[in-house]
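Computed from the coordinates by the stated procedures, all read-outs in this text should not be read as laboratory data. Here the structure is a predicted model, which is why all the values come from computation and not from measurement. Ideal geometry is used to build each Cβ from the backbone, glycine not excepted, and the neighbour counts take in all protein chains shown.
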Amino acid sequence: MSQKYEKLKTLLKELFQLDQPDLDFGLYRIMHAKDAEVTHFLEQELLPQVKAAFAQYRTADRAEIEKQLEKAIEQAHALGADPETLPKVKELRAKLASEAVDIEALEAEVYDHLYSFFRRYYSEGDFLSKRVYKPGVYAIPYEGEEVKLHWANADQYYIKTSEYFRDYAFRLRPEDEKNPMRVHFRLVDAAEGEHGNVKEQTGKERRFKLAPEPFAAIEDGELVIRFTYEPDPEKRKQKDLNAEAEAAILGLDDPVLADWIQALGAKHVRSDGTVSENTRLRVHLDRYTARNTFDYFIHKDLGGFLRRELDFYIKNEVMHLDDVENETAPRVEQFLSKIKVIRRIAHKIIDFLAQLEDFQKKLWLKKKFVVETSYCIRLGVIPEEFYPEIAANDAQREEWVRLCAIDEIKATEDGLFEPGQPGYSVPLTVEFLKAHPTLVVDTRHFDTGFTARLLHSMEDLDALIDGVLYHSDAFQALLLLQTRFRAMVKCVYIDPPFNTGKDDFPYKDNYQHSSWMSMMSDRAELARELMADDGLFSVQIGDEESARLRALLDDLFAERKNTCVVRRGVKSVQAQFSDIERLAGGHDVIHCYCKRSGVRLRHLRQALDDERPGKWDTFWRGTDRPTMRYELFGQRPETGQWRWEEKRAKRAVANYEYFLANEALRKTLDEWYAENLQCGIDLDFVRMNEQGVVQYYVPPQGFRLVSDNWLDIPASGSITDFAHEKSVALLQRLISWSTEAGDYVLDYFAGSGSTGQAAFAMSETAGGPRKFLLVEMSIYFDELLLPRLKKAIYAPEWKDGKPKRLVTAEEAERSPRIMKVIRLESYEDTLNNLELRRTEAQQSLLDSPQAQGPEGFKEQYMLRYMLDVETRGSQSLLNIAAFMDPTAYKLKVKRPGSDETREVNVDLLETFNWLIGLRVEHIAAPRTFNASFRRDDDPDLPKDAPRRLLLDGRIKEDPEGPWWFRTVTGTTLDGRRTLIIWRKRPGGEDPEGIERDNLVLDEWFRKQGYSSKDSEFDLIYVNGDNNLENLKAPDDTWKVRLIEEDFFRLMFEMEGV
């Protein structure tokens, strides 16, 4: 074959992800399973179509005509004649001049064009949308807009999720299906390192190291070599650790591992056939530990993009009209044939590439499973019947000691005015728990039975949940939130990576600008859909990306309200230098946007330094308005009027009473007024003085309406060790600008959790706490965010890691009642749980004669459908069969807080609640039942007639019973009252087993009284085929749906994404 053919084949193997056949993880693992089949299709069926396409020109093949001409000339010389006078020679020369085709050159030209086209758009694992107009000049899509915003990755999803390979596997014998000698590098008990856009903090850089011995073992026919990923006390370089690991592994003296060690110690053979200086083990160690610093993307419509670009390429690079104009008809025909061949083969390659990209897009946009749900519940909300179990739980007690220093609480005796308080003990006492109602119980410390019983005891559950925390990539969390919170969020605040390129910011922020724009754009679009029409979207950013971000948000949102300037809490180090490149940056900006135009926002006020103190003045005024005379402190004016309308006046009385009860001992009224004013809350106060005169508070004369200059308020906080923590006061100003009590606040770059604390710490006079939705993907979730919020609920003020004071009764009452913690499956988890399956019937169809050949069914299947069809039923793509036991749906996922992978039970119940957008009112504890059966013994039936299966008596509740039921009730976003019935189906798919399961379901359903409660539910969901519709009375209106059907539909629904 020609060099250009081999060059194209090598590129296509790279595009089809077949260029590293020894790798065996993620999408490499899936493509390896099809390596031989796809390679055979590529080499034996697809590329040979180029040669076949030019078969019609065999009679005009230049090489063949030249052979015939040479032979004719030789014959003429043998006869002693002048060759140029012979008709045969003249005919062949004329044919050579006008009709001859250089078929090899044509084929080579097609291969070259195909290579040039696909190489143009493919770079380091991703397709980039770069339309080449002419050398060095690119064209962008433009549809007549007044202003066009474009960047290199504008039509791609930013999906970067891991800087290192977590699970890395390769085969020492790639071609041997029976004994491939699979080697698996696995992280164990590893501290979590960099992933997504999260960056390690300086001085804590982790390294891959061999785990303690025994670090190698044969498991399930593969060699597993264990590594840890943790800081190295000796601060060795990774390459030195790799050399040590190589020596230790190859030096193992174990007869069981001898063949493996020998194969690992052999020299590595590169894909081009050359031999490396390094061993196979060392090459894979270097790959495993190397930083994978490329940004990863998935094209939103690769097939459409490449087809459009192909036409553009052919018009500009292949079809030269000047050449066509001056050529003969046969030459023009050859020219057009070449274009047809390029187009036909390129379209088939595009179909396969689009299949690969669309498959990955499907995995990315799939709503992710909830792999763990836990609840952080304030003790005061929990019924006291659970206190003995809580007091006896050592893990919970130890967490309270670590976070809240409860071991320092000493018992006190009864005093004259205050009763004594119980002290810390091991185990804790119920009395101690009652004395500390703001301690937060985390259900992760308890078994599933306790959690189920606790949730069962709570009515209107979602109303009690004041915050939801998502441990997830922001895109995936926002995607799952769409159905439940669409158009409900009143305030979005984010503090994303600033993209400075420096290492002092604890996120991976040295993206190229285009990567950063793609990352921000898709997530902001999803956040916009969650916003109420009058909601406010605010994003804090530094100078590096401010202009680009503003242009992006101008495109996404209807109206920009303000760009506020805030003080940057970073010290300048310029004083040590004699000259500087530029002035130090001392500020950030907050861009504020609304979803629709014309939204009106309330005033914000700012206290000034040179203010005159506040004072009290009479609330009565001489203006005579009878409608403004109402009773206040037992007084009603006979003439004149009160200064304000009644509702405002009584709210002002309540504000002052709150101040006296909760704040007066620690601060003056002026101080408290100014403190609230800083957060955007302008309070009124009314009192009756000792002389019986009703007075109103005149605030300090020294405030002004807040402009977009917010330098008066600190932007940085210092509650945690998070490098760029935001101040609660700043966030409360933003939150108060667009929200009322109970409104939702969203932060999908939550960091240390400042937004959550700011939301729930809003004072009663500011309207009261707001609910919050926080998303964070890093190790900070468990190390900073969650502990911080637990501590802030327990006590409002801290010093040196200890509570400075405990909450007042009023503060305890309005602190968050329940925080729900959701941990989601990641994109990598989805990839790692894929399995390929092809049935015998499918294979038989593909092997049939009718399926063969160009444009045949087999080719269409390979190019368009193979991945989607053969991965159906994978655990991460919804294995419907596993719904027979909804408590045992397994998935291999990354362990929270580490890089280790483990198998967990997916929370199908919680996942489905999010998919249908259910506002949950009640989650019942599971109940199990036993039952007996008999066949209908109706004597009137013929002897050989089939007998119906019947229940033999009633179903009986039994802790060991095989029939398990759990229900969820709630309301969907469109207002439908919904009942969800989850059940175990011990009968499986056996016909009699299905009959037994449904008999038990019907009897259980009647036992609950649901069949007689037509008005209670509009929609009933059940897993597994059932007969519940048969229980409806003629006038019943409730509908029954299969959980599996809506689960699948909603999980893969991509409308609007």
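Miscellaneous remarks
- Segment 926-1051 - share of DSSP beta bridges that are antiparallel (%, nearest 5): 65
- Summing +1 for each Lys or Arg and -1 for each Asp or Glu among the other residues whose beta-carbon sits under 13 angstrom from that of Phe41 gives 0.
- Between amide H atoms placed 1.01 Å from N, distances below 5 Å from Trp798 occur with Lys804, all of them 5 or more places distant or on a separate chain.
- Fully extending the segment from Asn930 to Thr627, taken as 0.36 nm per residue of separation minus the present Cα-Cα distance, adds 102.0 nm.
- Coupling constants for segment 1021-1038 follow from the phi torsions by the Karplus curve (6.51 cos²θ - 1.76 cosθ + 1.60, θ = phi - 60°), and in residue order they are 9, 9, 8, x, 3, 8, 10, 4, 4, 5, 8, 6, 6, x, 9, 6, 10, 5 Hz; glycine and proline get x.
- Using θ = phi - 60° and Karplus 6.51 cos²θ - 1.76 cosθ + 1.60, couplings along segment 995-1002 (whole Hz; Gly, Pro as x): 4, 5, 4, 6, 5, 5, 4, 4
- Across Lys362/Lys726; Lys361/Lys892; Lys13/Lys890, pairs whose alpha-carbon gap is larger than 31 Å: Lys362/Lys726; Lys13/Lys890
- Under 5 Å, built H, 5+ apart or other chain: amide partners of Tyr1021: Leu979, Ile980, Ile981, Arg1041
- When only Cα pairs below 8 angstrom with a gap of at least 6 residues are kept, segment 168-289 shows a relative contact order of 21 percent.
- Stretching the chain fully between Ala411 and Gln44 yields a gain of 123.7 nm (0.36 nm per residue, less the alpha carbon separation).
- Binned Cα-Cα distances of segment 926-1051, short to long, each 5 Å bin given as a whole percent: 2, 9, 18, 21, 18, 15, 9, 5, 2, 1, 0
- Here the Karplus relation 6.51 cos²θ - 1.76 cosθ + 1.60, evaluated at θ = phi - 60°, turns the backbone of segment 869-876 into coupling constants of 6, 7, 9, 4, x, 4, 4, 7 Hz, with x for every Gly and Pro.
- Shape analysis of segment 168-289 based on the Cα gyration tensor places the equivalent ellipsoid semi-axes at 26, 17, 15 Å, largest first.
- Taking the convex hull of Cα positions in segment 218-276, its mean projected area over all directions (nm²): 5.8
- Cβ-based net charge around Arg934, under 15 Å, with every Lys or Arg adding one and every Asp or Glu removing one: -2
- Of all DSSP beta bridges confined to segment 168-289, the antiparallel ones make up roughly 75%.
- Counting every other Cβ atom within 10 Å of each residue's Cβ, Met777, Met458 order from fewest to most as Met458, Met777.
- Sorted ascending by nearby beta carbons within 10 Å, beginning with the fewest, Arg600, Arg902, Arg838 become Arg600, Arg902, Arg838.
- Net charge, Asn1023 excluded, C-beta distance under 11 Å - Lys, Arg +1, Asp, Glu -1: -1
- Database remark: amide H of Thr901 closer than 5 angstrom to the amide H of Leu187, Arg895 (H placed geometrically; neighbours at sequence offset of 5 or more, or on other chains; Pro and chain starts carry no H).
- Computed over segment 605-705, relative contact order equals 46 percent, with contacts defined as Cα pairs under 8 Å that lie 6+ residues apart.
- Gain in span if fully extended, Glu205 to Ile140, counting 0.36 nm per residue against the direct Cα distance: 19.3 nm
- Prolate/oblate/rounded label for segment 620-753 (Cα gyration tensor, a/c 1.5): prolate
- Note on Ser546, Ser778, Ser844: ascending count of other Cβ atoms within 10 Å places them as Ser844, Ser546, Ser778, the fewest first.
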